[in-house]
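Student: Would you mind keeping the following structure in view while I ask a few things?
The values are calculated or read from the model by the stated rules, or taken from the named source; none is laboratory data. On a predicted model such as this, the values are computed, not experimentally measured, just so you know. Methodologically, a virtual Cβ is constructed for each residue, glycine included, from the backbone with ideal geometry; neighbour enumeration extends over all protein chains shown.
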Amino acid sequence: MGRQPPRPLWLAAWLWATWVECAEAYVDPGTGALLLQLLLAAFVGFFFYVWKLLRSVAKKVVEFCLGRRTRDR
């Protein structure tokens, strides 16, 4: 693996890349829609992952509190 630059260098590069005084930029509607769909899909996927994780944890808590296994649906 390569050696990573020190953190201050990352910070300086980020500041240099994002420091804009007057941006005359344009994102065409197709690209904007694609980015919006990407963000929405990532959010929905993350929501379903967290929902499944919470449901699994809640099921284990109920099993522990009742001292028996609940029936799988």
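Student: Within the stretch 18-31, does at least one residue satisfy the condition of being surrounded by 10 or more Cβ atoms within 10 Å (Cβ to Cβ) and at pLDDT 80 or above?
Tutor: Yes, the stretch 18-31 has at least one match.
Student: Within the stretch 32-52, does at least one residue satisfy the condition of being surrounded by fewer than 10 Cβ atoms within 10 Å (Cβ to Cβ), modelled with pLDDT under 90 and not hydroxyl-bearing (Ser, Thr, Tyr)?
Tutor: no
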